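Encoded as C-alpha cells, the structure appears first; notes follow it.
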Amino acid sequence: MDLPGPIHDFLVVLLGSGLILGSMGVLLFNNSIYSAFSLGLVLVSISLFYILANAQFVAAAQLLIYVGAINVLIIFAVMFMKGSEYSKDFNLWTVGNGVTFLVCTSIFVSLMTTIVDTSWYGIIWTTRSNQILEQDLISNSQQIGIYLSTYFFLPFELISIILLAALIGAISVARQ
Amino acid sequence: MMLEHVLIISAYLFSIGIYGLITSRNMVRALMCLELILNAVNMNFVTFSDFFDSRQLKGNIFSIFVIAIAAAEAAIGPAILSSIYRNRKSTRINQSNLLNK
C-alpha cells in the first residue's frame with residue numbers, strides 16, 4: 001500500500017512492537033487464556049502487515065480464518081480444561097529449557113546474520129528487470145482467483161479434500 | 001517497508017515459536033506456538049511475493065494453502081486434546097501416555 005513515508009514507518013514500528021510483545025506474551029503469561037488473547041493480538045498485527053505488503057486478500061483470509069476460527073477454537077480449548085493446572089506448570093526452569101533457549105537463540109542469530117549479509121537490492125533489481133512491465137488492470141484478488149482456477153487447480157482441490165478429511169477426523173475423534 | 005525488518009521479525013517469531021513448542025508443558029500452549037511458526041512462514045511468503053514477484057502473486061497463493069493446512073491442524077489439535085483430557089483429566093504433554101494401556 002502506498003502510504004507516505006513517516007506514516008508507513010510509524011505503522012511498521014507500531015505493528016512490529018505489538019507483534020514482539022504479543023509473541024512474548026504467548027510464552028510468558030501464566031494464565032493460558034491471556035496467552036490465547038495475546039496470540040489474537042499477534043494474528044491481527046500480522047494481518048495488518050499483510051495489508052501494508054499489498055496482499056489484501058491474504059490479509060482478509062488471515063483475519064477471517066486465524067482470528068475468527070483458529071483463535072476462537074484455541075480459546076474454546078483453553079476454557080474446556082479446568083483452570084487449576086495452569087499455575088503449577090510454570091517456574092520450572094530445567095536444563096532442557098536452557099538448552100532449548102541456547103539453540104533457539106543461535107537459530108535466530110544465524111538467521112539474522114544471513115538476512116543482514118545478503119544483498120537483497122541486487123536481487124530485487126535483477127528480478128524486477130526481467131518481469132514484463134504490463135499494466136495490471138485487474139486487482140490482486142481477481143488475479144488470485146484466476147490463478148487458483150487455472151494453474152493451481154489441482155492443489156486447490158487437494159486442499160479441499162484434506163480439509164474435509166481433517167474435519168471428519170476431528171469430529172469422529174472428539175465425539176467418541 | 002524495509003525487507004530486512006520484516007524478515008528479522010519473522011525470524012524472531014519462528015524462534016519464539018520453536019522455543020515455546022519444545023518447552024511448553026501445556027498442550028494448548030504448544031498449539032499456539034505452532035500457529036506462531038506457521039505465521040512466521042506466511043509472513044516470509046507474502047513479503048517475498050511483494051518484493052520479488054509482485055506480478056505473479058504466487059507467494060500469496062501458497063500462503064493461502066498454508067492457512068488452509070493450519071485450519072485443518074487447528075481442527076485436529078483440540079479434538080485430540082479433548083479426547084486426551086477426557087481420558088486423562090490432564091493436558092500435560094509429559095503425562096499423555098495413552099498408548100500403553
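Collect the residues in region B:51-68 that are more than 7 Å from every other protein chain (Cβ to nearest Cβ) and assigned to a helix (DSSP H, G or I), keeping them in residue-number order.
Scanning region B:51-68 gives B:K58, B:G59, B:F62, B:V66.
Conditions first: (1) surrounded by fewer than 19 Cβ atoms within 10 Å (Cβ to Cβ); (2) modelled with pLDDT under 85. B:N26 passes all but one, so which condition is the exception?
Of everything listed in (1) surrounded by fewer than 19 Cβ atoms within 10 Å (Cβ to Cβ); (2) modelled with pLDDT under 85, B:N26 misses just condition (1).
Name every residue in region B:35-73 that is in contact with an Asp or Glu (Cβ under 7 Å, 6 or more places away or on another chain) and aliphatic (A, V, I, L, M), in order of residue number.
Once the filter is applied, which keeps residues that are in contact with an Asp or Glu (Cβ under 7 Å, 6 or more places away or on another chain) and aliphatic (A, V, I, L, M), region B:35-73 yields only B:A70.
Within region A:65-176, which helices (runs of 4 or more DSSP H) (wholly inside it) include 1 or more residues that are touching a Gly at 6+ places or on another chain (Cβ under 7 Å) and modelled with pLDDT of 85 or more?
Working: elements: A:71-80, A:95-117, A:120-130, A:140-149, A:153-175.
Counting at least 1 such residues, we get A:71-80.
Given the structure, is B:I80 closer than 24 Å to A:A61 by Cβ, at the interface with chain A (Cβ under 7 Å from one of its Cβ atoms) and either open to solvent by 10 Å² or more (accessible area, probe 1.4 Å) or not in a helix (DSSP H, G or I) (or both)? Full working, then the answer.
Numbers: closer than 24 Å to A:A61 by Cβ: no; at the interface with chain A (Cβ under 7 Å from one of its Cβ atoms): yes; either open to solvent by 10 Å² or more (accessible area, probe 1.4 Å) or not in a helix (DSSP H, G or I) (or both): yes.
For B:I80, the condition - closer than 24 Å to A:A61 by Cβ, at the interface with chain A (Cβ under 7 Å from one of its Cβ atoms) and either open to solvent by 10 Å² or more (accessible area, probe 1.4 Å) or not in a helix (DSSP H, G or I) (or both) - is not met.
Show the residue pairs meeting these rules: Cβ distance below 7 Å; 6+ apart or different chains; first residue within region A:99-117 and at the interface with chain B (Cβ under 8 Å from one of its Cβ atoms); second residue open to solvent by 60 Å² or more (accessible area, probe 1.4 Å).
A:T100/B:I22
Which residue, of A:I46, A:I74, is open to solvent by less than 10 Å² (accessible area, probe 1.4 Å), within 12 Å of the chain's Cα centre (by Cα) and closer than 19 Å to B:I16 by Cα?
Numbers: A:I74 fails: within 12 Å of the chain's Cα centre (by Cα).
Testing whether each residue is open to solvent by less than 10 Å² (accessible area, probe 1.4 Å), within 12 Å of the chain's Cα centre (by Cα) and closer than 19 Å to B:I16 by Cα leaves just A:I46.
What are the residues in region A:14-52 that are touching a residue at least 40 places away in the same chain (Cβ under 8 Å) and at the interface with chain B (Cβ under 7 Å from one of its Cβ atoms), if any? Lay out the reasoning, then the answer.
Going residue by residue through region A:14-52, those that are touching a residue at least 40 places away in the same chain (Cβ under 8 Å) are A:30-33, A:36, A:51-52.
Correct list: A:S32, A:A36, A:L52.
The values are calculated or read from the model by the stated rules, or taken from the named source; none is laboratory data. Since this is a predicted model, take the numbers as computed values, not measurements. Quick reminder, even Gly has a Cβ in these numbers, built from the backbone with ideal geometry, and neighbours come from all protein chains shown. These area figures cover heavy atoms from the full protein model, side chains too; ligands, DNA and RNA do not enter into them. Shrake-Rupley method; radii C 1.70, N 1.55, O 1.52, S 1.80 Å.
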